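Worksheet: one structure, shown below.
The values are calculated or read from the model by the stated rules, or taken from the named source; none is laboratory data. What you are looking at is a predicted structure, and each value in this text was computed from that prediction instead of being measured. A quick note on method: Cβ atoms are made from the backbone with ideal geometry, for glycine too, and the neighbour counts reach across all protein chains shown.
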Amino acid sequence: MSENKFTCLHDKHVALGALMSPFGGFDMPIQYKGIVEEHNAVRNAVGVFDVSHMGEVHVTGPEAQKFVNYIFTNDITKMEIGDIQYGMMLYPNGGTVDDLLVYTMGENDYFLVINAANIDKDVAWINEQAANFDVKVENQSESYGQIAVQGPEAEKTMKAVLNLDCTDLTFYTFKCVDYNGDNIIVSRTGYTGEDGFEVYASHKTIQDMWDMLMDAGVQPCGLGCRDTLRFEVGLPLYGDELTADITPIMAGFGFFVKLDKEDFIGKDVCAQQKAEGAPKKLVGLELHDKAIPRHGYEVCNENEEPVGYVTTGYRGISVDKSIAVALVDAAYGKLGTPLKVHIRKKFFDATVVKKKFHDKSYKK
Amino acid sequence: MSKIIDGLYYSESHEFVKVEGDFGYVGITDYAQHELGNVVYVDMPEVDDEVEAGEDFGAVESVKAASDLVCPVSGTVVEVNEALDDEPGLINKDAFENWIIKVELSDKSELENLMDAAAYKAFIGE
């Protein structure tokens, strides 16, 4: 077989008959029942994902705050203990190393959640930058399992099935809980555009929680619908919408880049692009036809000359249209611009639209 | 266990041909629809298009991916299954009933290159 790693729930996915496929160096479930059914379970009720492949890095030490703020685009000095921020780590040229969550665990104590495919690269990058700071960097990715309980019924499910009362958590906050002797982290976060929670715990606790959720009839959801859900609400996937060649400004995530804070890696390029405009722009596309734009397909202007490419595309599930996100030359980035997508042998008409195709329903 | 129908011809890329006189109905097998998952779009040729054995004539797309359709026979498209335009999921309901194109066969000897039901059954390992 492959050299892909297994999460602590791997055997359970196989036993459930999931379609398994490599993702980010792990053998992961793509779907159990079907992408459409799982997608709708999350939009309309509740579903649970195994996201144990995500990486966790713990940064502590006298200069932890100063250090994390230097490698991260958002401003962590604005957080209190129990707060979470989303943002990016950038290369000096503004390209993205990864997008991540930073949890404020305590004074000079931060928990970074990074993408599975980037764990080795990120840890090397963080360690390299840490050389001039008095900090301790620990890669704890192997110690944690993680599940995401997502959907409008998530809060009710957390209480009823896992006995975790989360009514006190607001969006992008977390708490540490003693759960049968295991010190776990529960946050009101997710990657679906719906209300929901993510739990970080030991492999044993995650396995027990998964079994409880299955016994209660909660729909297991694979990475297939995780992608359709995040795409419809305009959330980026590293490797598609954010890469070493795409700055957060090009991608339209300038909100998470705080240019008014102290220096951070990639600041100059972001400031320049914000002031003068970036050369490329991430846009939404709506096709006038049913043909489906896929990652990598060429995007052209009306003369059928290439001006960019599709980063993610689908036949929408919550939105019954063929839709895409594409990186195009900035001149073609205005809403309403007519473009064409090259699909197999034909060019299909499309229009630039907002890249949020479905409204998020977060509990603020 | 996938459904396989006796009397049809099968290709290694999981298309079937149901022959009636000089015509062949071409679609994807039950095994293929199951492997694909929810079909959300079928890219079909137009009536009067020429198709050639071994060449792409369109694509079947699931939520996750596009799969090329490879024509098992050569000829002229005389009909396309327009019902699939509005309801591509019909292929998941009954792949054999919901053929994709009807072809006027130009060379019936090409059918000899395809598998019968028993050979296809062995091919997919069932």
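Give just the number: which of (1) within 14 Å of another protein chain (Cβ to nearest Cβ); (2) under 19 Å from the mean Cα position of the chain (by Cα) does residue A:36 not satisfy?
(2)
If I ask for residues that are assigned to a loop (DSSP other than H, G, I, E, B) and either among the polar types (S, T, N, Q) or surrounded by fewer than 20 Cβ atoms within 10 Å (Cβ to Cβ) (or both), which ones from the stretch B:6-26 would you list?
Across the stretch B:6-26, the qualifying residues are B:6, B:7, B:11, B:12, B:13, B:21, B:22.
Consider the stretch A:166-216. How many of its residues are over 21 Å from residue A:361 (Cβ atoms) and outside any helix (DSSP H, G or I)?
15
Step by step: first the residues of the stretch B:27-40, then only those that are within 14 Å of chain A (Cβ to nearest Cβ) and in a strand (DSSP E or B), then the one that is farthest from the chain's Cα centre (by Cα). Which residue is that?
The qualifying residue farthest from the chain's Cα centre (by Cα) is B:40.
Go through (1) assigned to a loop (DSSP other than H, G, I, E, B); (2) away from every other protein chain (no Cβ under 12 Å) one by one and return the number of the condition residue A:326 breaks.
Result: residue A:326 fails condition (1) only.
Would you mind telling me which numbered condition in (1) more than 20 Å from residue A:175 (Cβ to Cβ); (2) in contact (Cβ under 8 Å) with a residue 40 or more places away in the chain residue A:132 fails?
It is condition (2) that residue A:132 fails.
Within the stretch A:236-277, can you find the residues that are hydroxyl-bearing (Ser, Thr, Tyr), in a loop (DSSP other than H, G, I, E, B) and buried (at least 20 other Cβ atoms within 10 Å of the Cβ)?
A:247
Scan the stretch A:290-315 and report the pairs whose first residue is away from every other protein chain (no Cβ under 14 Å) and whose second residue is part of a loop (DSSP other than H, G, I, E, B) and surrounded by fewer than 23 Cβ atoms within 10 Å (Cβ to Cβ), with Cβ atoms within less than 8 Å and a gap of 6+ or a chain change.
Cβ pairs passing all conditions: A:307/A:301; A:309/A:296; A:309/A:297; A:311/A:240; A:311/A:295.
Restricting attention to the stretch B:61-97, report how many residues are away from chain A (no Cβ under 14 Å), in a loop (DSSP other than H, G, I, E, B) and surrounded by fewer than 22 Cβ atoms within 10 Å (Cβ to Cβ).
So the answer is 5.
Check off (1) buried (at least 19 other Cβ atoms within 10 Å of the Cβ); (2) out of contact with any helix residue (DSSP H, G or I) (no Cβ under 7 Å at 6 or more places or on another chain); (3) touching a residue at least 40 places away in the same chain (Cβ under 8 Å) for residue A:145 and give me the number that stays unchecked.
Only one criterion in (1) buried (at least 19 other Cβ atoms within 10 Å of the Cβ); (2) out of contact with any helix residue (DSSP H, G or I) (no Cβ under 7 Å at 6 or more places or on another chain); (3) touching a residue at least 40 places away in the same chain (Cβ under 8 Å) is unmet by residue A:145, namely (2).
When the stretch B:8-25 is examined, which residues are found to be in contact (Cβ under 8 Å) with a residue 12 or more places away in the chain and over 30 Å from residue A:20 (Cα atoms)?
B:8, B:9, B:17, B:18, B:19, B:22, B:23, B:24, B:25
Which of the residues spanning the stretch A:39-85 are surrounded by fewer than 19 Cβ atoms within 10 Å (Cβ to Cβ) and within 14 Å of another protein chain (Cβ to nearest Cβ)?
The one that is surrounded by fewer than 19 Cβ atoms within 10 Å (Cβ to Cβ) and within 14 Å of another protein chain (Cβ to nearest Cβ): A:40.
Which ones in the stretch A:92-146 are among the aromatic types (Phe, Trp, Tyr) and over 24 Å from residue A:191 (Cα atoms)?
A:125, A:133, listed by residue number.
Residues are listed down the side, and each one gets a yes or a no for (1) touching a helix residue (DSSP H, G or I) at 6+ places or on another chain (Cβ under 9 Å); (2) modelled with pLDDT of 95 or more:
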| position | (1), (2) |
| --- | --- |
| A:2 | no, no |
| A:10 | no, yes |
| A:16 | yes, yes |
| A:19 | yes, no |
| A:22 | no, no |
| A:28 | yes, yes |
| A:42 | yes, yes |
| A:53 | yes, yes |
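Exactly one of these conditions fails for residue A:74: (1) more than 30 Å from residue B:88 (Cβ to Cβ); (2) at pLDDT below 95. Give me its number.
Unmet condition: (2).
Keeping to the stretch A:93-137, report how many residues are in a strand (DSSP E or B) and of a type in the set (Lys, Arg).
Here the count works out to 1.
Does residue A:269 satisfy the condition of being outside the structural domain of residue A:357 (by TED's automatic domain parsing) and either modelled with pLDDT of 95 or more or in contact with a Gly (Cβ under 8 Å, 6 or more places away or on another chain) (or both)?
yes
With the requirement that a residue be within 14 Å of chain B (Cβ to nearest Cβ) and buried (at least 20 other Cβ atoms within 10 Å of the Cβ), what does the stretch A:329-347 give you?
A:341, A:343
Given the conditions (1) out of contact with any Phe, Trp or Tyr (no Cβ under 6 Å at 6 or more places or on another chain); (2) within 12 Å of another protein chain (Cβ to nearest Cβ), and given that residue A:358 satisfies all but one, which numbered condition is not satisfied?
Among (1) out of contact with any Phe, Trp or Tyr (no Cβ under 6 Å at 6 or more places or on another chain); (2) within 12 Å of another protein chain (Cβ to nearest Cβ), the lone unmet condition for residue A:358 is (2).
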